[in-house]
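One structure is given here, and the rest of the page talks about it.
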Amino acid sequence: MIRFGSEGRRDVPEEAVAADLAAGRMVLCIDPRGTGETRAEGQSDWQMYLSSVTLGRHYAAMRAWDVRRAVDCLLARGDVATVALGVSGGPLAGLTGLLAAACDPRLARVEVEQLLHSYRGQPDFGELNQAGQLGIVPNLLPVADVEDLLALAAPREVTVRQFVNSLGEPVPVAAAGLRCTAVYALLEAASALRLPS
């Protein structure tokens, strides 16, 4: 089990790790770049975002890449057959986990605490107050939105505890209008997609 939160491994709830260990699961808590011990002192999210865009690589994808390297690390051990991902904290951490799952079929199960329900129609998209500027993925909307990333994880198990808008306000699943449920149903895996009621 790989775990991280909004501020890396320091945001991972101790009870979640204890439950994993009690169930006999190995746990690897990580600091995706820009969080925890990998965060540069005195650098704001906006400065990190501008630097990453200048280099042509946005933070959300680089953090997802970090998660995928953690998958490499666990599977290289030889005593790990499947890898799951548990993400605590806000919507930016949730987005990182979802991007990693969408790109890496080796992640058998993903649980995120919060997830931005959509990039479309956000009242404060330029700021993304709660998700942070590091949650901006340049040129994503012409080809995909959050629900499409969820669909890319099908038919694997995905649990989302809460959808929020860019201001961090809860959004009901019905209002999110997620098409990904149809993809899961088509793959006969409807029970693998667990969304908030």
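The values are calculated or read from the model by the stated rules, or taken from the named source; none is laboratory data. Since we're looking at a predicted model, the values are computed, not measured. Glycine gets a Cβ as well: all are built from the backbone with ideal geometry, and neighbour counts include every protein chain shown.
Miscellaneous remarks
- Of all residue pairs spaced 6 or more apart or on separate chains, those with beta-carbon atoms under 9 Å, a first member in the stretch 77-101 that is more than 19 Å from Ala18 (Cβ to Cβ) and a second member that is part of a loop (DSSP other than H, G, I, E, B) and β-branched (Val, Ile, Thr) are Ala93/Thr35; Leu95/Val137; Leu99/Val137.
- For the stretch 157-173, the tally of residues that are more than 11 Å from His117 (Cα to Cα) and either buried (at least 20 other Cβ atoms within 10 Å of the Cβ) or modelled with pLDDT under 90 (or both) stands at 2.
- Matching residues in the stretch 151-177 - criterion: being under 15 Å from Leu95 (Cβ atoms), assigned to a loop (DSSP other than H, G, I, E, B) and either of a type in the set (Ser, Thr, Tyr) or out of contact with any Gly (no Cβ under 8 Å at 6 or more places or on another chain) (or both): Ala153, Asn165, Ser166, Val171
- Across the stretch 67-82, the qualifying residues are those that are outside any helix (DSSP H, G or I) and not small (Gly, Ala, Ser), and the one among them that is surrounded by the most Cβ atoms within 10 Å (Cβ to Cβ) is Val80.
- Residues of the stretch 56-75 classified as within 20 Å of Met26 (Cα to Cα), free of Cβ contacts under 8 Å to residues at least 60 places away in the same chain and either touching a strand residue (DSSP E or B) at 6+ places or on another chain (Cβ under 8 Å) or of a type in the set (A, V, I, L, M) (or both), total: 2
- Restricting the stretch 27-40 to residues that are modelled with pLDDT under 80 and farther than 13 Å from Met62 by Cβ leaves a set whose member that is surrounded by the fewest Cβ atoms within 10 Å (Cβ to Cβ) is Ala40.
- Checking each residue in the stretch 41-60 for being aliphatic (A, V, I, L, M), over 18 Å from the mean Cα position of the chain (by Cα) and surrounded by 15 or more Cβ atoms within 10 Å (Cβ to Cβ) picks out only Met48.
- Being in a loop (DSSP other than H, G, I, E, B) and closer than 22 Å to Val146 by Cα holds for only one residue in Gly42, Gly56, Gly24, and it is Gly56.
- Exclusive hit being under 23 Å from Glu111 (Cα atoms) and touching a Ser or Thr at 6+ places or on another chain (Cβ under 6 Å), set Glu14, Glu7: Glu7
- None of Arg109, Arg179 is farther than 29 Å from Gly56 by Cβ, of a type in the set (D, E, K, R) and at pLDDT below 95 except Arg179.
- Residues of the stretch 141-156 that turn out to be buried (at least 20 other Cβ atoms within 10 Å of the Cβ) and β-branched (Val, Ile, Thr), as a count: 1
- Members of the stretch 94-117 found to be closer than 12 Å to Val160 by Cα and either in contact with a Cys (Cβ under 9 Å, 6 or more places away or on another chain) or among the hydrophobic types (A, V, I, L, M, F, W, C) (or both), listed by number: Leu95, Leu98, Val110, Val112, Leu115, Leu116
- Residue in the stretch 9-16 that is among the aliphatic types (A, V, I, L, M) and in a helix (DSSP H, G or I) present: yes
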